[in-house]
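Down below is the structure, laid out as structure tokens.
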Amino acid sequence: MARITLDHIRHAYGPNPKSDAAYALREVDHEWADGGAYALLGPSGCGKTTLLNIISGLLQPSHGRILFDGKDVTHLSTQERNIAQVFQFPVIYDTMTVYDNLAFPLRNRGIAEPDVDRRVREMLEIIDLSDWSNRKAQRLTADQKQKISLGRGLVRNDVNAILFDEPLTVIDPHMKWVLRSQLKRFHKQFGFTMVYVTHDQTEALTFADKVVVMYDGEIVQIGTPAELFERPSHTFVGYFIGSPGMNVIPAEIHGSTIKLEAGTIALDYAPKLAAGGRIELGIRPEFIRIGREGIPVTVTRIEDIGRRRIVRASLGGQPIAIVVSEDAEVPAEPRVTFDPVALNIYANSWRVGREA
Amino acid sequence: MLEMRNVAKMVGGEYHIHPTNLAFDRGSLNVLLGPTLSGKTSLMRLMAGLDRPTSGSVYFDGADVTGVAVQKRNVAMVYQQFINYPALTVYENIASPMRIAGKDAPTIDREVRKAAELLRLTPYLDRTPLNLSGGQQQRTALARALVKNASLVLMDEPLANLDYKLREELREELPKIFAQSGAIFVYATTEPSEALLLGGNTATLSEGRITQFGPTIEVYRRPADLVTAKTFADPPLNFIDVVKSGGSFRYQEADSLAVPPHLSGVPDGPVTIAFHPHHLGLTAQTGNAARVKAQTQISEITGSESFVHMHYNGVRWVMLAPGIHDIDPDTEIELYLDTRHLMAFGTDGRAIAAAA
Amino acid sequence: MEKTWNNKAWFLVLPVLLLVAFSAAIPLMTVVNYSVQDTFGNNAFFWAGTDWFDDILHSARFWEALQRNLLFSFIILALEIPLGIFIALNMPKKGLGVPVCLVLMALPLLIPWNVVGTIWQVFGRVDIGLLGHTLAALGIDYNYVRDPLDAWITVVVMDVWHWTSLVVLLCYAGLVSIPDAYYQAAKIDGASRWSVFRYIQLPKMKRVLLIAVLLRFMDSFMIYTEPFVVTGGGPGNSTTFLSIDLVKTAVGQFDLGPAAAMSIVYFLIILLLSWIFYTVMTSSDADN
């Protein structure tokens, strides 16, 4: 396992990029810890797959270096980097048995057959496919196939990192739960460095210790799931994480008071703002209380989505979403209060810190 | 109204669709919910007239349309893949069904602009589909289905290939669009959360059989049997096999739960009880919560909530608790079960008394 | 994929069915009819039963021609299939090279059989042909009119030149449909070039290869025009294949009865061998 250093990496697909917009990846300069579980999260076209391919060696960055444990691997091929990768669509060798699929990467590296046998049997046990070892891999279900592609990576004990490229896309919802928690368990058990690319926030947040949110070729925030949820550093992170996303409401700040169209809210600190710029208040739907106190709202619609309900309301003309539990009451003349610790202030879409 | 009377489809001596009775009203949104290969697509093909049923008949507005070719029915379909004419502009793509129908130019123009406005495609009318994002391409396909003014619109996992966040937005918009159209909408999905967000009615499918049909939230809250309950649960349901005797549910003599009032009518004997992961908690939220002990396995954190996977007397459970709880594996924890929402199923798998 | 159910489809297929009836079924019945009768001309026919079949199956000439056919088809498949795969593997997958290669590959396929025969007949002639003349100048004794081996080599090379492209195009179509992820995964697994071919490319090409083998087998087994144009079945009978023998019997000697019986046997052999190929090549799918 290895620590991965991304040293000022920029990438453009065409030659001689003229402007920043020509870069699929603007500038990435980070260090990822050995044994960490990282998720690259963002909408399609944000550069997450480009970054993954640079790490795996399928793509050479236009600028910058990539290092594994301090060793420059920028110009090494995929094989030489000793990484494993699980793709969106399960890649299995159809004509081989499940056993031979798992043995394939070991035999290719000239490992002695008794060793191969021992490790393959261990892996079959881990991925829960022992009973299938002599079956042709072709006839298996999508989730079993995906476990085989994962197993082919895990069975090698020399891998520096395991990369996942939206591995649960073709898996049915019920199996997603099983596979996801198994992945998480493997990570705890073996301590691999894992990088997981996805557009699905639930997958990213539940899988990773650190989530890397990407937007338009740039990393907008790296943080723990809790940090991303509670303190999104950009309104995009607020919108992209959480379902529904964070409410972003145009506001004015006067000292430690937030002035909205519909009313005022007191802050327990005075945000330090530069003059000019667009000021917005960010508050997640989970942190708005609906009751008989606070600023009046007009409820437009209530969506019952089973375990909770989403109240769509208008706050002085501004549409907001509020999440309430399945048993909660919505009063006839509803008013809302905001949880003070969950208030975030944004100037030109970037979060303004609490520190003076 | 679309009616299927005893419709069955056999292929090679095996039922792909078991004899099915279903009726969809005009202006209704109907979700077909079930895992891959449960028969959603087969059922839609029978509704559209792409396949002829082996037995039974399909009625549309009281008229028998079994065997009437799909071209002669007023049907529109939207697929998982984004299917548009690549050489035509978005405008021409949307206009194409009306051009085939020989509508006059002013009508076409009016309808195209209306549909484009509804699906927020107005800025892209002059572009070709290949210059659009996946979401815009699928919205174009949807617009084309809408302007066709079909009386039956079939959608086969239309959002499956889109980004998570885009899906979320379209799921919210679609019911509004459907409500304006007055056609019968049938929407196939594998995801319970999608069915809940869309609302309307849901038919759950399992192995070529409709297991239940009714208003979406009703089916979710009061599944008629175990199969339906399992199909319509994401995260998965928790189960426990118990024996009811008098006022308590016993589990292998090890534990017992007080029978909640809504299940008091359940006859004594073996029962399977089921509950959703969010009805387990680390704190007692209501007075009548039952205390249980379980062994933790793995914790997944979404930023605001935690999924804790665990073993309860050898059975796998998942808890969804608000807040961040990263509990070490193999820890014994005390949980509170909100018994107000328990569901009970008999040994035949039928619901005995549904959760309140 | 299930087929769309539609009654009208029958009307669309009807012209084709009629055409097939006229072009295949009716002549075939005529042939069957001839094969069990004898005639001395003047449209007088006599019942001959299975006499012609007995004759055919006991004639050395028939068995020799059949052996030549089998040998020829075997050589053709053994050369064209591996060569076709090899060329397909080495064709560019993107860029300007793709259309260039595809057009080059399609060229021989566009030339009619008899023209191919004529080209090679002239090409190989020792007196005026570029190939024949060059070989003679190099001191190689090559003469397809005199030497049976040279005649064989000429016919085989001609067929390879004419038809390998078909195998290449089919295999190429199979290869480009393999997603990139497979190659990437193989790299990551440390697979050798041979393993990539054996475990990814070959299995993915299997379906098209089956078609290629069947087409090339049937075609080569029925070979007629090229050897007829180039060697006329000679020298001696060395390149007299079943088809050539059949035409000699029917048109040359006007023995319609034996020729009809022979063509039926010929037809059955092709049918049987194609079925064997098909069964063997698809059997590995069913062993699970």
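The values are calculated or read from the model by the stated rules, or taken from the named source; none is laboratory data. As the structure is a prediction and not an experimental result, all values here were calculated from the model. So basically every Cβ, Gly included, is an ideal-geometry build from the backbone, and we count neighbours across all protein chains shown.
Select from the stretch A:183-209 the residues that are away from every other protein chain (no Cβ under 12 Å) and in a strand (DSSP E or B) and write down the one among them that is farthest from the chain's Cα centre (by Cα). Break it down stepwise before answering.
Kept after step one, since they are away from every other protein chain (no Cβ under 12 Å), are these residues of the stretch A:183-209: A:190-197.
From what is left, the residues that are in a strand (DSSP E or B) are A:194-197.
Numbers: A:Met194: 12, A:Val195: 10, A:Tyr196: 7, A:Val197: 7 Å.
Ranking the candidates gives A:Met194 first.
Among the residues of the stretch A:132-168, which ones are facing chain B (nearest Cβ under 9 Å) and either under 18 Å from A:Ile83 (Cβ atoms) or part of a loop (DSSP other than H, G, I, E, B) (or both)? Show your work before the answer.
In the first step, residues of the stretch A:132-168 are kept if they are facing chain B (nearest Cβ under 9 Å); the result is A:141-142.
Hit for the stretch A:132-168 is A:Thr141, nothing else.
Mind checking which strands (runs of 3 or more DSSP E) fall wholly inside the stretch A:216-262 and carry at least 3 residues that are surrounded by 17 or more Cβ atoms within 10 Å (Cβ to Cβ) and of a type outside the set (Ser, Thr, Tyr)?
Ranges flagged: A:218-223, A:247-250.
For the stretch A:221-269, give me each residue that is aromatic (Phe, Trp, Tyr) and either more than 14 Å from chain B (Cβ to nearest Cβ) or in contact (Cβ under 8 Å) with a residue 40 or more places away in the chain (or both).
A:Phe229, A:Phe236, A:Phe240, A:Tyr269
Here's the yes/no breakdown for (1) β-branched (Val, Ile, Thr); (2) closer than 30 Å to C:Asp180 by Cβ:
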residue: C:Ile200; (1), (2): yes, yes
residue: C:Lys204; (1), (2): no, yes
residue: C:Val213; (1), (2): yes, yes
residue: C:Val251; (1), (2): yes, no
residue: C:Asp255; (1), (2): no, no
residue: C:Ser263; (1), (2): no, no
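Just need a number here: residues in the stretch B:301-354 that are touching a Phe, Trp or Tyr at 6+ places or on another chain (Cβ under 8 Å), surrounded by fewer than 20 Cβ atoms within 10 Å (Cβ to Cβ) and at positive phi.
Count: 1.
For a quick check of your reading: which strands (runs of 3 or more DSSP E) sit entirely within the stretch A:1-87 and have at least 2 residues that are surrounded by 19 or more Cβ atoms within 10 Å (Cβ to Cβ), of a type in the set (Val, Ile, Thr) and touching a residue at least 24 places away in the same chain (Cβ under 8 Å)?
Correct list: A:4-11, A:83-86.
Across the stretch B:6-56, what is the total count of residues that are of a type outside the set (A, V, I, L, M) and either without any contact (Cβ under 8 Å) to a residue 12 or more places away in the chain or in a loop (DSSP other than H, G, I, E, B) (or both)?
Summing the residues that are of a type outside the set (A, V, I, L, M) and either without any contact (Cβ under 8 Å) to a residue 12 or more places away in the chain or in a loop (DSSP other than H, G, I, E, B) (or both) in the stretch B:6-56 gives 18.
If we scan the stretch C:212-223, do we find a residue that is more than 10 Å from every other protein chain (Cβ to nearest Cβ), under 21 Å from C:Thr279 (Cβ atoms), hydroxyl-bearing (Ser, Thr, Tyr) and touching a residue at least 40 places away in the same chain (Cβ under 8 Å)?
yes
Residue pairs, Cβ under 7 Å, 6 or more apart or interchain, first in the stretch B:302-320 and over 12 Å from B:Asn238 (Cβ atoms) and more than 7 Å from every other protein chain (Cβ to nearest Cβ), second part of a loop (DSSP other than H, G, I, E, B) and β-branched (Val, Ile, Thr). List them.
From residues that are over 12 Å from B:Asn238 (Cβ atoms) and more than 7 Å from every other protein chain (Cβ to nearest Cβ), the pairs are B:Ser306/B:Ile324.
If I ask for residues that are in a strand (DSSP E or B) and more than 20 Å from A:Glu303 (Cβ to Cβ), which ones from the stretch B:208-223 would you list?
Restricting attention to the stretch B:208-223, the residues satisfying the condition of being in a strand (DSSP E or B) are B:209-215.
B:Arg209, B:Ile210, B:Thr211, B:Gln212, B:Phe213 - these are the residues of the stretch B:208-223 that are in a strand (DSSP E or B) and more than 20 Å from A:Glu303 (Cβ to Cβ).
Report whether or not B:Pro235 is outside any strand (DSSP E or B), away from chain A (no Cβ under 14 Å) and at pLDDT 85 or above.
Criteria not met by B:Pro235.
With a cut-off of at least 2 residues that are touching a residue at least 12 places away in the same chain (Cβ under 8 Å), within 14 Å of chain A (Cβ to nearest Cβ) and crowded, with 18+ Cβ neighbours inside 10 Å, name the helices (runs of 4 or more DSSP H) lying wholly within the stretch C:105-211.
Because the criterion is at least 2 residues that are touching a residue at least 12 places away in the same chain (Cβ under 8 Å), within 14 Å of chain A (Cβ to nearest Cβ) and crowded, with 18+ Cβ neighbours inside 10 Å, the helices (runs of 4 or more DSSP H) in the stretch C:105-211 that meet it are C:180-188.
Going through A:Glu27, A:Glu113, A:Glu80 one at a time, which residue ends up being assigned by TED's automatic domain parsing to the domain that holds A:Met194, at pLDDT 90 or above and not polar (S, T, N, Q)?
The conditions single out A:Glu113.
Pull up the stretch A:112-131, narrow it to residues that are part of a loop (DSSP other than H, G, I, E, B) and surrounded by fewer than 17 Cβ atoms within 10 Å (Cβ to Cβ), then point me to the one that is nearest to the other protein chains (Cβ to nearest Cβ).
A:Asp128
I want to confirm something. Restricting to the stretch C:219-235 and keeping residues that are outside any helix (DSSP H, G or I) and of a type in the set (A, V, I, L, M, F, W, C), which single residue is surrounded by the most Cβ atoms within 10 Å (Cβ to Cβ)?
This residue is C:Ile223.
Any residue at all in the stretch B:8-29 that is touching a Phe, Trp or Tyr at 6+ places or on another chain (Cβ under 6 Å) and surrounded by 15 or more Cβ atoms within 10 Å (Cβ to Cβ)?
The answer is yes, given that some residue of the stretch B:8-29 is touching a Phe, Trp or Tyr at 6+ places or on another chain (Cβ under 6 Å) and surrounded by 15 or more Cβ atoms within 10 Å (Cβ to Cβ).
Can you spot a residue in the stretch C:81-99 that is among the charged types (D, E, K, R) and under 19 Å from C:Met158 (Cβ atoms)?
No, the stretch C:81-99 has no match at all.
Of the numbered conditions (1) at the interface with chain C (Cβ under 9 Å from one of its Cβ atoms); (2) under 20 Å from C:Gln201 (Cα atoms), A:Ala103 satisfies every one except a single condition; which is it?
Single failed check for A:Ala103: (1).
From the list B:Ala289, B:Ala284, which residue is aliphatic (A, V, I, L, M), surrounded by 15 or more Cβ atoms within 10 Å (Cβ to Cβ) and closer than 23 Å to A:Glu326 by Cα?
B:Ala289
Could you say which residue among B:Tyr91, B:Tyr59, B:Tyr79 is at pLDDT 90 or above and closer than 21 Å to B:Ile177 by Cβ?
Working: B:Tyr59 fails: closer than 21 Å to B:Ile177 by Cβ; B:Tyr79 fails: at pLDDT 90 or above.
Among B:Tyr91, B:Tyr59, B:Tyr79, only B:Tyr91 is at pLDDT 90 or above and closer than 21 Å to B:Ile177 by Cβ.
Would the stretch B:277-290 turn up any residue that is away from chain A (no Cβ under 14 Å), under 17 Å from B:Trp317 (Cα atoms) and touching a helix residue (DSSP H, G or I) at 6+ places or on another chain (Cβ under 6 Å)?
So far as the stretch B:277-290 goes, yes, one or more of its residues are away from chain A (no Cβ under 14 Å), under 17 Å from B:Trp317 (Cα atoms) and touching a helix residue (DSSP H, G or I) at 6+ places or on another chain (Cβ under 6 Å).
Mind telling me which of the residues C:Trp5, C:Trp10 ends up being modelled with pLDDT under 80 and either in a loop (DSSP other than H, G, I, E, B) or of a type in the set (Lys, Arg) (or both)?
C:Trp5
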